[in-house]
Amino acid sequence: MKVGVIAVIFAGSVSVAQAASCYRAEEIEADQAVRFQTQLMVVSDSCRSQSYTEFTHRNASTLAAYQQKMIGYFRRVSGRGADTAFDRFITSLANQMALSAGKETVSALCTRSADLLTKGQTFGKDDFVHYVTQQAAAAKGTYPTCKN
């Protein structure tokens with residue numbers, strides 16, 4: 001999913017709104033981590049797998065750190081109510097993923113998602129961070145990035 005941002009550029013300078021909406025490298029990584037976690041949650045529930053539960057127990061502190069980075073992003077973007085903005089983001093993301101997953105049979109979803117479920121069952125902190133770093137690098141071009 002691409003994040004849409006309206007950039008206001010006047011006389012070669014970036015507006016304050018655009019500057020606040022840009023992503024720092026660590027925020028892109030955190031966003032990718034949260035997306036992985038959310039997708040794993042939806043797929044694990046649909047496929048009746050324990051992958052999500054195992055993954056979140058093994059990686060609780062890493063996930064919490066990524067979530068705090070995302071809350072920091074929302075704080076920069078919207079100021080007050082960053083926790084609420086993050087909660088809305090996660091809920092919206094989960095709903096979108098669930099709707100997408102609901103377009104195929106459970107059998108097809110689980111077969112297609114076998115690799116994701118395996119990652120959830122096996123990723124420890126180092127593997128997860130390495131994976132998310134790779135995902136962030138691959139997706140960097142889809143984010144408006146901060147210049148500084």
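The values are calculated or read from the model by the stated rules, or taken from the named source; none is laboratory data. None of the values given here were measured: they were computed from a predicted structure. Here Cβ is always computed from backbone atoms with ideal geometry, including for glycine, and neighbour counts include all displayed protein chains.
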### Query
Going by the structure shown, is T53 within 30 Å of T105 (Cβ to Cβ) and at pLDDT 95 or above?
yes
### Query
So which helices (runs of 4 or more DSSP H) are wholly in the stretch 37-148 and hold at least 1 residues that are farther than 23 Å from E26 by Cβ and without any contact (Cβ under 8 Å) to a residue 24 or more places away in the chain?
51-58, 82-101, 106-112, 114-122
### Query
When you look at A19, is it aliphatic (A, V, I, L, M) and modelled with pLDDT under 95, yes or no?
yes
